[in-house]
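To start, the structure itself, in structure tokens.
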């Protein structure tokens, strides 16, 4: 759970750092990624891994389209405009997905190559697919952090995130960096969507709420912090599991689904920029 | 001795209100600030009010339902416009306040046994208080963080609607007793003081009056000192604070007033629907209100009414046209149903409006006016 939230949260952070806007369309891109994985791996019988690759490509293209049609024309306008526009795109895309009968008429099963096997870890039996989800999440997160910190692309990305104009002035190709950030976020969303639909869970239009619960994860960690996204994602995952297991019945059914928001409100009251975010310095 | 002259200034002309007042050229500041500051605007408003009053005699039941729903939605959209469009505080949780208003209506008319007329001020006070509770958060977090906070508020409210069964009825939903005047059900119609009321007619008139009052209240607020404070906070809250605007007070006022009117819209919506569900106050409803605001014209209070009419009418139009349109599914709940088709349309419209014409239909209207005014030398 935490691993999936961290993946989704990373997608939000990557776009936020590049474009300075919260990309609400990330939610529907994640759902699309999950459904594409289902389509490719089950209906086209390409297998699980190839299915994820196909989904990642499709989601990357969709993210690219969103960048060129919405985010790029709105660059330089208030970030609120981008946020509102992506909310619109998200509503449209999600309704569109819900209107495609082969996918949305009932829950679909992406399944998993590991079936219902369990592995014994530290004396308790755990679904193998859970372990794989955690492993995939961890590998991707480490790879991404490494790319950000060590590669030439990461350097450029951080430069653009820091100050777009200064980066452009020193010769960083801003546009390609932006495009790559959006595509990368789309691919992360697709991977997360695929993992959301992996074995013990089924994919349904309501799976979009996974991505909505990743938003508190991002905010808890701090919108512009990669570390924050990872920690926030894990935290939200733990809070959700604990709320599901230990919350008193008087708090109502499904309290675990809203617990992340309560946690987020609490964190924001004490640290308005999130746990790992940098407070933005403003001047007139 | 000659009477003192006012040389070199001509004697002060008696200020008369011109018979035809142009919208842009005024002789006094007062005249420019008037609510409808030109002759044409005054005539147009009069015509619109007359049309709205006569509408029940011109259209049949289905469209009366749509018109009433649209007017109720316009109250919510106008209040969102005050908060987001004028004061610049993006809220994704507006549907929650509308829902709280509706549940207040259910509780007040159900277990407490009072009428819907009592529920309205109660809901406005309750929602206003809740808005005040959000204000300190709005002071601490800005922009996107605030949007996320209001999103969280929406989900938490939804959780409460579902689980606080003693008040909200939980999953079973809640019933709102429709209002009556002198024993006449305003929704069904009847004869009231010698007046023949058709279906929805009475309720429509009540809603129309309240929507009109809401418009006047919010519009007057925008052109007051408080309204200018809101605009200053929207443009840059730090700068507003520096020049002496009490930022906290402005934000708190925007939240309180906006939430109170959203509560009013909720009461009216509850009374109209008679039965409310826990899951209808979701993000999609909030997005609908955003679309009404953005499509009409962000920051232009009255434009939200146009947006509300559009957003409420489109699903109904699609529903009626469904058999004749390709792609549209007539089977309930499967495929591209009219509600889904309109959600797709609204989502795309929201994006298109943001990219192409940030002022929405109002912006288009301004462009058209400018084009016609400078014709044939328009560019």
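The values are calculated or read from the model by the stated rules, or taken from the named source; none is laboratory data. Predicted model only: the values in this text are computed from it and were never measured. So basically every Cβ, Gly included, is an ideal-geometry build from the backbone, and we count neighbours across all protein chains shown.
At-a-glance table
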quantity	calculated
Residues being within 25 Å of residue A:55 (Cβ to Cβ) and in a helix (DSSP H, G or I) - total across the range A:146-186	17
Selection within the range A:176-196 - at pLDDT below 85 and either under 17 Å from residue A:23 (Cα atoms) or more than 17 Å from the chain's Cα centre (by Cα) (or both)	A:193
Of the criteria (1) modelled with pLDDT of 80 or more; (2) more than 11 Å from chain B (Cβ to nearest Cβ); (3) within 17 Å of residue A:33 (Cα to Cα), which one residue A:210 fails	(1)
Among the residues listed as A:56, A:71, the single one being surrounded by 15 or more Cβ atoms within 10 Å (Cβ to Cβ), closer than 15 Å to residue A:26 by Cβ and under 17 Å from the mean Cα position of the chain (by Cα)	A:56
Residue in the range B:140-172 that is farthest from the chain's Cα centre (by Cα), counting only those that are more than 17 Å from residue A:261 (Cβ to Cβ) and crowded, with 17+ Cβ neighbours inside 10 Å	B:169
Residue, modelled with the lowest pLDDT, within the range B:307-344, restricted to residues that are facing chain A (nearest Cβ under 8 Å) and either in a helix (DSSP H, G or I) or within 18 Å of residue B:285 (Cα to Cα) (or both)	B:337
Among (1) out of contact with any helix residue (DSSP H, G or I) (no Cβ under 8 Å at 6 or more places or on another chain); (2) farther than 25 Å from residue B:226 by Cβ - the single one residue B:29 does not satisfy	(2)
Number of the condition not met by residue B:267 [criteria: (1) assigned to a helix (DSSP H, G or I); (2) surrounded by fewer than 17 Cβ atoms within 10 Å (Cβ to Cβ); (3) in contact (Cβ under 8 Å) with a residue 12 or more places away in the chain]	(2)
Scope the range B:345-361; condition at the interface with chain A (Cβ under 7 Å from one of its Cβ atoms) and buried (at least 23 other Cβ atoms within 10 Å of the Cβ); matching residues	B:346, B:347, B:350, B:351, B:354
Pick from the range A:95-117, criterion modelled with pLDDT of 80 or more and within 8 Å of chain B (Cβ to nearest Cβ), ranking: surrounded by the most Cβ atoms within 10 Å (Cβ to Cβ)	A:95
Any chance residue B:241 is in a helix (DSSP H, G or I) and within 14 Å of chain A (Cβ to nearest Cβ)	yes
Qualifying residue in the range B:273-294 (condition: farther than 30 Å from residue B:110 by Cβ and either without any contact (Cβ under 8 Å) to a residue 40 or more places away in the chain or away from chain A (no Cβ under 13 Å) (or both))	no
All helices (runs of 4 or more DSSP H) inside the range B:66-178 with 3 or more residues being within 10 Å of another protein chain (Cβ to nearest Cβ) and closer than 25 Å to residue B:295 by Cβ	B:143-163
Tally of residues being assigned to a loop (DSSP other than H, G, I, E, B) and more than 8 Å from every other protein chain (Cβ to nearest Cβ) across the range A:227-272	3
